[in-house]
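The structure under discussion appears below in the form of structure tokens.
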Amino acid sequence: MTKRKVIIMGAAGRDFHNFNVYFRDNENYEVVAFTATQIPNIEGRVYPAELAGKLYPDGIKIYDESELVDLIKTLKADEVVFAYSDVPFEYVMTKASIVNAAGASFRLMGAQETMIKSSKPVVSVLAVRTGCGKSQTSRKIVKLLSEAGKKVVAIRHPMPYGDLVKQKVQRFASYEDLDKYECTIEEREEYEPHIARGGVIYAGVDYEAILRQAEQEADIILWDGGNNDMSFYHSDLTFTVVDPHRPGHELRYYPGNTSLRMADAVIINKIDSATKEGIETVRENVRNVNPNAVIIEAASPITVDKPELITGKRVLVVEDGPTLTHGEMKYGAGTVIAQKLNAKEIVDPRPYTVKSIADTYKKYPNIGVLLPAMGYGEQQIKDLEETINRTDCDSVVIGTPIDLGRILKINKPTTRVMYELDEKGENTLESVLRSKGLL
């Protein structure tokens, strides 16, 4: 039998996972290339032989996605697997058309063929877009289960932007672990809040190896999802978060619509700041798509440690990077609190940007006057620091989930924004967990 030649389109996450669980030891296929997009500087690498298995002694090259058509033709690819997230349906089908026109089949892999079974109960937290509020939902679930005497270990959707062999299995239980693994800002945003609460969180590249290690110290596994992707694990309970600030996106983005349809419970978050129309639109769409899901309404109340640095001040607002870039949000928690506390002005950072931060605005011109906390590597972290320090403002409002002061030397006063999940009404995370016998 002739092997089918496959190219996997990805962004250093779902692509590697699909390869590991389906293609790695599969004699019916030959994966001839990965392509990379969304994340800066992840192309030009090799998926290493140490992770690729016995069929790939030289590893597998990773190319920029812009080379896809040429790769299909020169490598004689039969099939292209699309394996990244948080993109509009039209985007996906445009890629499918490009692939088909180049002569290859186009494939979206399903949940069952890419999920791993755990020996422990799994609770998954998903979303329909990045920036909906998965992090505070995950933190609240861990808190509830821990208070009930359960040992909860979180496993985060992958962000392997460095040395892939070293990142095969990563365990984070202290701030020193963040330095040990040379974490990017994006990684720290997801791991640090768990660590700050005394929790343990795993991540990496090989998600079966990660799961088997995590099971050794867990009563319950929490899957802390990335973007709007599906879980990598078969789940006993799935929560999916939707955002009424972006009504309709739950129907039009891949694979967030899949994540919505898989949900046992749907959390309509941010009801304290969204419009009534937005909330009702999302609720109706959820009911139409997944009528059996429990609907939980929730707010994400925002607090700030130094409000005096906002009121009447000219502030630079730094928000979560991916939420502003491919998440397409026009504001975040930092913006909301700056407006609520009557900042004199939200300063436009664009005249002060340097190098890779300036490039980010060119790629995502609709970001506006906010500064995305981009930090996909040491140089970009330096560029972010320089941009902040060059900006003419009175203070800096940090709207990301981490203390940027730990990794940046900021030459202005800073104030941190925090937010937690606060359910409203009789349906809560606790009531759903209890109904499933997990509390």
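Protection proxy ranking, highest mean first, for peptides 89-99, 194-204: 194-204, 89-99, where packing is the per-residue count of other beta-carbon atoms within 10 Å, averaged. Solvent-accessible area per residue in segment 338-394 equals 50 Å², computed with a 1.4 angstrom probe and all protein chains kept.
For Lys180 and Asp422, a Förster radius of 30 Å and the Cβ-Cβ distance give a FRET efficiency of 0.30, rounded to the nearest 0.05.
Taking 22 Å as R0, compute the FRET efficiency from the Cβ-Cβ separation of Asp70 and Asn41 and round it to 0.05. With R0 = 22 Å, the Cβ-Cβ based efficiency is 0.60. The GluC sites (Glu not before Pro) of segment 374-439 that DSSP puts in a loop, and whose beta carbon has at most 13 other beta carbons within 10 Å, are Glu426. Using a probe of 1.4 angstrom and keeping all protein chains present, the accessible surface of segment 142-292 works out to 36 square angstrom per residue. Once the 1.4 Å probe is applied to the protein heavy atoms, segment 79-130 comes out at 37 Å² accessible per residue. For the chain, a simple Cβ point-charge model (Lys and Arg +1, Asp and Glu -1, everything else neutral) yields a dipole of about 220 debye relative to the Cα centre. Listed peptides 132-140, 217-225 appear in the order 132-140, 217-225 once ranked by packing, highest mean of other Cβ atoms within 10 Å at the front.
Only protein atoms count toward the accessible area here, which uses a 1.4 Å probe; on segment 285-439, the carbon and sulfur part of that area reaches 47 percent.
Annotation: segment 32-153 has a Kirkwood hydrodynamic radius of 17.7 angstrom, from the mean reciprocal C-alpha pair distance.
The portion of the accessible surface of segment 144-282 made up by carbon and sulfur, rounded to a whole percent, is 43 (1.4 Å probe; DNA, RNA and ligands excluded).
When Cα extents along the principal axes in Å is computed from the coordinates, the matching label among (i) 72, 62, 40; (ii) 71, 52, 43; (iii) 57, 53, 44 is (ii). The slack between Gln339 and Asn288, meaning 0.36 nm per residue of separation minus the straight C-alpha distance, is 14.9 nm. When each of the peptides 70-76, 80-86, 181-187 is scored by the mean number of other C-beta atoms lying within 10 Å of its residues, the order from highest to lowest reads 80-86, 181-187, 70-76. Available extension along the chain between Ser435 and Ala111 is 114.2 nm, counting 0.36 nm per residue and deducting the alpha carbon span.
The values are calculated or read from the model by the stated rules, or taken from the named source; none is laboratory data. The model shown is predicted, which means the values in this text are computed figures rather than measured ones. Quick reminder, even Gly has a Cβ in these numbers, built from the backbone with ideal geometry, and neighbours come from all protein chains shown. We work out accessible area using only protein heavy atoms, side chains counted, and drop any ligands, DNA or RNA first. Shrake-Rupley method; radii C 1.70, N 1.55, O 1.52, S 1.80 Å.
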